[in-house]
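Following this message is one structure expressed as structure tokens.
The values are calculated or read from the model by the stated rules, or taken from the named source; none is laboratory data. Nothing here was measured: the structure is a model prediction, and the numbers come from that model. Cβ placement follows ideal geometry from the backbone for every residue including glycine, while neighbour counts extend to all protein chains displayed.
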Amino acid sequence: MGEEKRLVRALRGEKLAHPPFWFMRQAGRYLPEYRDLRAKAGSFLELCYNPDFATEVSLQPIRRYGMDGAILFADILLIPDGLGQPLAYKEGEGPRLEPVRDRAALAKLDPGRVNEHVAPVFETVRQLARALPEQVTLIGFAGAPWTVATYMVEGGSSRDFAHVKGWAFADPDGFQVLIDMLVEATVAYLAEQVRAGAEVVQLFDTWAGVLPEPAFERWCIAPTAAIVAALRAEFPALPIIGFPRGVGAGYAAYAAATGVDGLSLDPSVPIEWARDVLGPRVALQGNLDPHWLVVGGKGMEEAARRLLDGWGQGADESGAGGYIFNLGHGIVPQTPPEHVAALCALLRGE
Ligand code: CP3
């Protein structure tokens with residue numbers, strides 16, 4: 001076996017002179033070649049379920065910019081689709097699902113059929129594993145149960161999470177049935193991605209930050225810990241990254257209790273705090289505000305250097321190790337592709 005890839009080395013705690021980097025939503029609408037293929041596919045879902053197209057979309061940013069990680073092109077809402085809750089993406093409106101709000105609706109869902117329904121995703125992973133340059137790490141992913149549940153219960157995106165919080169707070173045992181179903185489906189889904197060739201997996205808990213204690217412990221930390229433990233039982237060396245977005249000081253409890261190897265930091269987390277408090281325990285990833293990539297220029301470069309310097313300083317005394325440069329959330333569609341190129345050049349030390 002040759003030396004491990006840079007991104008995996010960082011996740012194992014190694015500090016690299018130029019940190020490895022990739023960007024959340026690095027494949028997407030800011031790239032003209034993505035928009036072309038998306039138009040050819042017909043719809044976003046057809047793009048996700050067509051392995052040739054999805055492979056091509058994952059490769060597009062790698063070809064342009066040479067990131068250290070390529071993320072599988074898919075979506076966190078393919079699991080509800082596979083459970084039997086049909087999904088549609090309406091142009092300009094985001095995802096739409098028939099809401100699941102009680103035990104009767106739950107009875108119609110079946111975690112046992114998810115992997116069969118989403119089989120094209122595993123074919124995409126296999127194709128990517130063959131096509132990627134050898135130093136690039138293939139990242140698989142899924143949504144964490146709480147975040148996926150918010151879309152399933154609200155029927156799409158939400159501002160106040162009224163229905164999902166109402167259910168979780170008023171009937172926790174009923175809501176637990178949905179979360180358990182999502183844990184089971186997510187373990188099976190990620191395990192199959194790993195068998196197909198994913199080398200690292202990331203769990204996106206985009207809406208973890210709307211949960212108060214102790215709901216955060218029950219609906220974010222506990223299901224994540226269960227997924228990590230189940231994956232570890234089958235793949236002891238698999239690096240797992242968690243992204244409990246917006247949880248503030250809750251990042252410390254999440255790092256201690258879930259067993260993840262890496263934490264993806266949203267833009268609100270102070271890098272010095274993360275380095276000193278979280279760094280000794282887990283590798284860190286993040287947390288450049290994606291809007292710096294829209295602005296570009298000196299401001300973007302200074303913001304990126306601040307992170308690189310903040311990470312370097314004091315890291316050795318604190319025992320902190322691995323760092324992966326990334327954004328604090330996904331690239332936004334209005335990002336000029338040349339700003340991404342400038343940031344990549346800076347990160348390579350060019
Ligand atoms: O490049 C990558 O990061 C890989 C692919 C990826 C997508 N979605 C593609 C996508 C990943 C990892 C996701 C994760 C995802 N999906 C999350 C968690 C991360 C986050 O951004 O918070 C969430 C909450 C979703 C659910 C989702 N998918 C919503 C709410 C939307 C509509 C909003 C929007 O940005 O359009 C999507 C659609 C989506 N997923 C697009 C892409 C490229 C845009 C679809 C299009 O082409 O119109």
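Residues to consider are A188, A233; find the one that is without any contact (Cβ under 8 Å) to a residue 24 or more places away in the chain and either over 29 Å from W167 (Cβ atoms) or assigned to a helix (DSSP H, G or I) (or both). If you could, list the steps in order and put the result at the bottom.
Values: A188 fails: without any contact (Cβ under 8 Å) to a residue 24 or more places away in the chain.
Exactly one residue qualifies, and that residue is A233.
Based on what the data block shows, is V148 of a type in the set (V, I, T) and either over 19 Å from the mean Cα position of the chain (by Cα) or closer than 27 Å to D68 by Cα (or both)? Step through it out loud before you land on a result.
On the way: of a type in the set (V, I, T): yes; either over 19 Å from the mean Cα position of the chain (by Cα) or closer than 27 Å to D68 by Cα (or both): no.
So V148 does not fit the description; no.
Continuing with this model, one more query. Please specify each residue of the range 40-61 satisfying the condition of being away from the ligand (no atom under 11 Å from the Cβ), surrounded by 15 or more Cβ atoms within 10 Å (Cβ to Cβ) and part of a helix (DSSP H, G or I).
Within the range 40-61, P51, F53, T55, E56, L59 meet the criteria.
Something else: Taking R29, is it within 12 Å of the ligand (Cβ to nearest atom), in a strand (DSSP E or B) and modelled with pLDDT of 95 or more? Even if it seems obvious, please write down each step before you answer.
Details: within 12 Å of the ligand (Cβ to nearest atom): yes; in a strand (DSSP E or B): no; modelled with pLDDT of 95 or more: yes.
No: the conditions fail for R29.
For the range 250-293, give me each residue that is among the acidic types (D, E) and under 21 Å from R6 (Cα atoms).
Taking the range 250-293 first, the residues among the acidic types (D, E) are 261, 266, 272, 276, 289.
Across the range 250-293, the qualifying residue is only D261.
Kindly provide the set of residues from the range 279-298 that are on the phi < 0 side of the Ramachandran plot and surrounded by 21 or more Cβ atoms within 10 Å (Cβ to Cβ), ordered by number. Even if it seems obvious, please write down each step before you answer.
Taking the range 279-298 and keeping what is on the phi < 0 side of the Ramachandran plot, we get 279-285, 287-295, 298.
Selection gives G279, V282, A283, L284, Q285, N287, L288, W292, L293.
Taking the condition of being small (G, A, S) and either more than 12 Å from the ligand (Cβ to nearest atom) or touching a Lys or Arg at 6+ places or on another chain (Cβ under 6 Å) (or both), how many residues in the range 64-103 meet it? Full working, then the answer.
Let us first name the residues in the range 64-103 that are small (G, A, S), namely 66, 69-70, 74, 82, 84, 88, 92, 94.
From the residues that got through so far, the ones that are either more than 12 Å from the ligand (Cβ to nearest atom) or touching a Lys or Arg at 6+ places or on another chain (Cβ under 6 Å) (or both) too are 66, 82, 84, 88.
Going through the range 64-103 one residue at a time, the tally reaches 4.
Of all residues in the range 1-43, which are touching a residue at least 40 places away in the same chain (Cβ under 8 Å) and among the hydroxyl-bearing types (S, T, Y)?
Within the range 1-43, Y30, S43 qualify.
Do any strands (runs of 3 or more DSSP E) entirely within the range 255-350 hold 3 or more residues that are within 16 Å of the ligand (Cβ to nearest atom) and either of a type outside the set (G, A, S) or over 22 Å from the mean Cα position of the chain (by Cα) (or both), and if so, which? Spell out the reasoning first.
Numbers: elements: 262-265, 283-288, 323-327.
Because the criterion is at least 3 residues that are within 16 Å of the ligand (Cβ to nearest atom) and either of a type outside the set (G, A, S) or over 22 Å from the mean Cα position of the chain (by Cα) (or both), the strands (runs of 3 or more DSSP E) in the range 255-350 that meet it are 283-288, 323-327.
Select from the range 94-117 the residues that are in contact with a strand residue (DSSP E or B) (Cβ under 9 Å, 6 or more places away or on another chain) and not in a loop (DSSP other than H, G, I, E, B) and list them in ascending order.
Residues satisfying the conditions are G94, P95, R96, L97.
Evaluate the following for L37: is it in a helix (DSSP H, G or I) and of a type in the set (A, V, I, L, M, F, W, C)?
It is true that L37 is in a helix (DSSP H, G or I) and of a type in the set (A, V, I, L, M, F, W, C).
Given the structure, is V183 surrounded by 19 or more Cβ atoms within 10 Å (Cβ to Cβ), out of contact with any strand residue (DSSP E or B) (no Cβ under 7 Å at 6 or more places or on another chain) and either over 22 Å from H329 (Cβ atoms) or not basic (K, R) (or both)? First the steps, then the outcome.
Values: surrounded by 19 or more Cβ atoms within 10 Å (Cβ to Cβ): yes; out of contact with any strand residue (DSSP E or B) (no Cβ under 7 Å at 6 or more places or on another chain): yes; either over 22 Å from H329 (Cβ atoms) or not basic (K, R) (or both): yes.
The answer is yes for V183.
Looking only at the range 211-226, count how many residues are over 16 Å from G262 (Cβ atoms), touching a residue at least 60 places away in the same chain (Cβ under 8 Å) and in a helix (DSSP H, G or I).
Count: 3.
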